Amino acid sequence: MTNQPTPKFVTLPEIRRAARERLPREVFNFGAGGSETETTMRRNRKSLDRLAIRQNVLVDVRTIDLSTSLLGVPLSWPVAVAPMGGLVLFHPEGDREMGRGAALGDTLQWLSGATGWSPEDVAKGSNGPKMFQLYAHGDRGWMSELLARVESSGYHAVALTVDVQKYSRRERDILARWSPRQAMEIAPFPRGPEPNFQERLTWDDVEWLMKSTKLPVGLKGIMAPRDAKRAVDMGVRLIWVSNHGGRQLDQTQATIDALPQIAEAVGAAAEIVIDGGFNRGTDIVKGIARGAKVVACGRTSLWGLGADGAEGVACALRILRHEVETAMGLCGRTNLASLTPDLIFRVD
């Protein structure tokens, strides 16, 4: 029997601890923190913990199929790397290194519009599937050019972030007298986004976006069924249930609690991505069972990047995937279609 090398990390909490030890305190807090009281961030976690998974036994679970798709793109499992700005703070190669890690972990990468590199550079750096998260800019000519570059670089979709009307008060950074934008001056940061333009973003801009790209369009930051219904009525194909990981509006609802009503409002008219506190395999099971097609994980991937670059990202994703498979086997489910709402119930 061939001896297998011992992995550097064997649990997700271990990876987070390694990132905390390796990163400057201000950088770790930038990644770990939320806005103001951080109630939304804590609520994401607490709401997931209040949901239990129903156990079914005496099921043959030797083969568990995690395969799915998003907007027609085949995926081997229902987890994506969420878009995150400022990755250069966590690794010198930033988004490019995250892309390599996502590909090694057999996972879709959502590239942030606040990337430190061009979409072309990130696309060339790894061979995994990619989609693009867009911040709107007042200069539509610049946006049209960016969208054309995203299309020609092989990205499969674009999702407009709509929950940054104001940049929130993130008190961990404020108390440290630390500005992530100043710190990111070390990166080749491209033009955009234009912060003030977010204040006047409307549904007219969504209409413009849908006419300006050949790619499927999604909206990231949807928390109300009414907004989700209006979006799909316009032809938006991806609804992203997100409260920005608790980093924008404080005291708002947890995404896992908002999901069922949004899924009901959307029906089969669009596919749903969710993020917000999903950092264990059982969390992924809950998100899929409640109506999401794919769960986007931000901090889990981020700590992998901070701990050990692309290898750390891949290690975190492999552990997470193993957790998903284990959870599904232990609750008697062998494919994602069997993760139905009746599997999940609330406990206090």
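The values are calculated or read from the model by the stated rules, or taken from the named source; none is laboratory data. These numbers come from a predicted model, not from an experiment. Note: ideal-geometry Cβ built from the backbone for every residue, glycine included; neighbour counts use all protein chains shown.
Taken as a whole, the structure places residue 304 among residues that are of a type outside the set (Lys, Arg) and either more than 12 Å from the chain's Cα centre (by Cα) or under 16 Å from residue 97 (Cβ atoms) (or both). Do we have residue 37 as within 18 Å of residue 281 (Cβ to Cβ) and surrounded by fewer than 15 Cβ atoms within 10 Å (Cβ to Cβ) here? Considered against the rule, which asks whether it is within 18 Å of residue 281 (Cβ to Cβ) and surrounded by fewer than 15 Cβ atoms within 10 Å (Cβ to Cβ), residue 37 comes out as no. Scanning region 71-114 for residues that are in a loop (DSSP other than H, G, I, E, B) and in contact with an Asp or Glu (Cβ under 8 Å, 6 or more places away or on another chain) yields 71, 76, 77, 82, 91, 112. Checking each residue in region 238-253 for being surrounded by fewer than 23 Cβ atoms within 10 Å (Cβ to Cβ) and aliphatic (A, V, I, L, M) picks out only 249.
Within region 44-70, residues that are modelled with pLDDT of 95 or more and in a helix (DSSP H, G or I) sit with their Cβ atoms under 9 Å from residues that are of a type in the set (A, V, I, L, M) and surrounded by 14 or more Cβ atoms within 10 Å (Cβ to Cβ), at 6+ positions apart or across chains, in these pairs: 44/254; 44/256; 45/254; 46/254; 47/254; 47/256; 48/254; 48/256.
Yes/no matrix, rows are residues, columns are (1) assigned to a helix (DSSP H, G or I); (2) of a type in the set (A, V, I, L, M):
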{"site": "284", "(1), (2)": "yes, yes"}
{"site": "291", "(1), (2)": "no, no"}
{"site": "296", "(1), (2)": "no, yes"}
{"site": "301", "(1), (2)": "yes, no"}
{"site": "310", "(1), (2)": "yes, yes"}
{"site": "313", "(1), (2)": "yes, yes"}
{"site": "329", "(1), (2)": "yes, no"}
{"site": "332", "(1), (2)": "no, no"}
{"site": "345", "(1), (2)": "no, no"}
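Scanning for something among the basic types (Lys, Arg) and either touching a helix residue (DSSP H, G or I) at 6+ places or on another chain (Cβ under 8 Å) or crowded, with 21+ Cβ neighbours inside 10 Å (or both), does region 312-320 turn up at least one residue?
no
Within region 22-55, being among the hydrophobic types (A, V, I, L, M, F, W, C) and over 14 Å from residue 168 (Cα atoms) holds for 23, 27, 28, 32, 48, 51, 52, 53.
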